[in-house]
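Okay, so here's the structure we're looking at.
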Amino acid sequence: MQHLLTLLSAFFLLFSATSTAQTVNPLIRIDQFGYLENSKKVAVLSDPQTGFNAIQAYAPGSTFELRRTGDNTSVWSGSPISWKTGSTHTQSGDKGWWLDFSSVETPGEYYLYDVQNQVRSHPFRIGNDCYKAVLKQAVRVFFYQRLGYEKTAAFAGDRWTDGASYLGANQDPAARSRWAKNDPATARDLRGGWMDAGDVNKYTTFAEGPVLQLLQAYQDNPTVFTDDFNIPESGNGIPDLLDEVKWELDFFKRCQDATGTNGFVLKVGVDNYNEVSPLSLDTRPRYYLPECTSATLAGAAMFSLAGIVYQQSNNADLQAYGADLIQRAAAAWARGKDKTGNFQNFESACDDGDIKSGDADREKNAQMESAVIAAIYLYEATDETQYREFVEARLPSLETISTTWWGPYKQFLERAMLEYATLPGVGASTVQLIRNQKANMNYQYSLDDYTAQKDLYRAFMEDWAHHWGSNLVRANCGSLNMDFIQFQINPANTALYREVAEQYLHWLHGTNPLGMSMLSNMYNYGGDACVDEIYHTWFANGTVYDNALTSPKGPPPGYVTGGPNKDFSYAQLSPPANQPPQKAYLQFNSGWPESSWEITEPAIYYQAAYILLLSRLMPAEMVSSTTPSGKENWISWVTPNPMTSQVTITIDCPKAESFRVEVVNSQGQTVRTQTYSCAPGANQLRFDLNDWTAGMYMVRCSNGNGIQVHKLIKQ
């Protein structure tokens, strides 16, 4: 009850202020961080009818102005349009109006002003750089999730410093088998990695999606991941996202080494719930669950894509690192094949729950999906026939293909299949099957739902999708639409797919019935109503990190929580129980029996899904062509991209050498090949593409030391 009173009091305080001129009315829902210059910009004006805030009321005036925050000058005026002629949106319990101010594209900071009611929205930015700080904070969350690494003030800020965790006796450098806790001979070095969520455990299977999505984010828009995110590796000439993912990959290399079989350890953690904050004070022994086929195949999938991404780097050390990952992925895939009897008998009862608390096992279908993902990327990396034959044989039986439902729960698998359809040598019938199935998905969280205006808050999901971790689903819904664009599926609708994807991002940023950004403590980075409490061992209830507004330190910025959960188990607490699905949320972080982890616990999978969506929507950055001193690296890039008639391939060479440029279409056919001599500095090669068909192409630039691959889209 106290949680409910606190929440309602906050809403009353905010809303009561609306009687005063120029005060913020929180029922004017906007993206708190802002809008890209040419994006669709629509505010949602809410009048709650049911749910915890039903006592509030708002009747918007007929005239709104967009005003600059600096001088309060009006730059636009317009009128709201009633949603569904005054109907109540049952999923939120609200009536509402849409206010479209998309015509304003001039960069700056603004607010919306209701002239008749003399109330305003929170301020927000318009500009193509409006999400840069948000992306940095979201990525930095993984630094806070690192185990076994000291958080100094230089990188964590004064409020979130802590010593290195779990490096003591009987901890991660010498974790013992869960099945032989008293036997020092079972000790293995399992240092590093990220804690999975609010608990301090590390899971191989649970990390598969996050690692794949972070790598895909880098592949899709690498220039937004710069080398200045203020993590310990910043400034080393390597994009900080790759440095951060490498921290996790190094842990999984230890998980593979620990088995001695090329398999993977399933899980590392503690066997009780005696949490300690801060983490460096936790002296509990650490244990691992030995090799399991689900872990081995998930590890193979992660290493195979990571190997491709790191090999394509212009850094010689990362290229070598990537080559090692490809070898490890191939060895893990072979181990999985052997251990399962050629992918027939999968282990699915390895985790008995002694290590708390998530069950890291996977059933047969999920393990087969990992095997297919690994084979797709191993085929791309090695061109070995065995992997292509495996994918061709197993693809029809995958649930996604057999049901023809490409939903938000397996985005990274669907993405891998779309990638597979672009590779040389893949059968035309397989390419057609994959692309046609994706092309037929406009009905699911895409164009059909959007044009039908199903959601007052413009980011439709079914009621049943508002379950534990619904923010992951919503982020993936956005990425499903970006996949159409990335792989030139239904290209006539490219602009509309992007518009739909943006709405899912805006929902996560505050255009939702909570009026709240789903990221923690973003007040210094453009947020106005943020997640203040998260369920997390370090930032726990009653600690100095408890609440962003009322505690001395609060949680760090950028954590994405689970989100609204209509299936919340503790029915006595309302909200979040007994609410419309989109309002099934509460700012709290208490433990059992209230079980706040079902609502406010963050997780690396929510985080990665959000980063993937956010980064794909951001405009590409201009990058320097400077080669790090002392390195014989080279950089290549392709402009413009997308393009219509002519493309320029630029290769920045540290010395004179020969380069080969090959362009392959989505059917695997080579449409252009050229070898030429590269002089020191920037070299440009121009192709006239007027006779090329629209679609996706792979541009491969290679010399004797490495290869860099770019996706090129012709419109």
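Descriptive notes on the structure:
- Relative contact order, whole percent, for region 65-214 stands at 13, derived from Cα pairs under 8 Å and 6 or more residues apart.
- Stokes-Einstein diffusion for the chain, with the hydrodynamic radius set to the Kirkwood value over Cα pairs and evaluated at 20 °C in a medium of 1.002 mPa s, equals 81 µm²/s.
- Maximal additional length on extending the residue 549-residue 271 stretch stands at 96.7 nm, based on 0.36 nm per residue less the C-alpha distance.
- By the Cβ rule of 4.7 Å, the chain holds the following cysteines without a possible disulfide partner: 130, 255, 477, 530, 701.
- Within the shell defined by Cβ-Cβ distances under 14 Å, the residues around residue 281 carry a net charge of -2, with Lys and Arg each +1 and Asp and Glu each -1.
- Region 516-593 and region 325-370 have Cα centres separated by 34 Å.
- Whole-number Å³ per residue for the convex hull built on Cα positions in region 135-179: 84
- Relative contact order of region 131-362, defined on C-alpha pairs under 8 angstrom at six or more residues apart (%): 21
- Label point 7 Å beyond Cα of residue 571 along Cβ direction - residues of region 589-616 with amide nitrogen under 19 Å: 593-596, 598-599
- Kirkwood Rh (inverse of mean 1/r, distinct Cα pairs), region 316-418, angstrom: 15.2
- Nonlocal amide H pairs with residue 77, under 5 Å, H built at 1.01 Å: 66
- Gap separating the Cα centres of region 188-241 and region 432-509, nearest whole Å: 25
- Net lengthening on full extension, residue 394/residue 22 (0.36 nm per residue, minus Cα-Cα): 127.8 nm
- Loop-located GluC sites (Glu not before Pro) in region 64-127 whose Cβ has at most 15 other Cβ within 10 Å (DSSP): 105
- Farthest towards the positive end of the charge dipole of the chain, among the residues 258, 395, 562, is the Cα of 395, using unit charges on the Cβ of Lys, Arg, Asp and Glu.
- Helix runs (DSSP H) in the chain reaching 18 Å along axis by Cα, Kyte-Doolittle at least -0.5: 2-16, 132-144, 204-220, 293-311, 316-339, 364-382, 470-486, 494-508, 604-617
- Separation of alpha-carbon centers, region 72-117 and region 259-299, rounded to whole Å: 49
- Rg to Rh quotient for region 138-255, alpha carbon positions, Kirkwood Rh: 1.00
- Along each principal axis, taking the top coordinate minus the bottom one, the Cα set of region 84-196 gives 74, 39, 23 Å in descending order.
- When the P(r) of region 59-141 is calculated, the portion above 14 Å amounts to 69% of the C-alpha pairs.
- The lysine pair count for region 327-439, using Cα distances under 25 Å and pairs eight or more places apart or on different chains, is 8.
- Overall size of region 131-362 from C-alpha positions, given as principal axis extents largest first: 45, 41, 27 Å.
- Contact order, relative form, for the chain: 13 percent (alpha carbon pairs under 8 Å, 6 or more residues apart, mean separation divided by residue count).
- Spin-label model distance (nm) - residue 383 vs residue 154, 7 Å beyond Cα toward Cβ: 4.5
All of the numbers you see were taken from the coordinates with simple rules; none came from a lab. Note that the structure is a prediction, hence the values are computed from the model and not measured. Cβ coordinates were reconstructed from backbone atoms using ideal geometry, including for glycine residues, and neighbour counts include every protein chain displayed.
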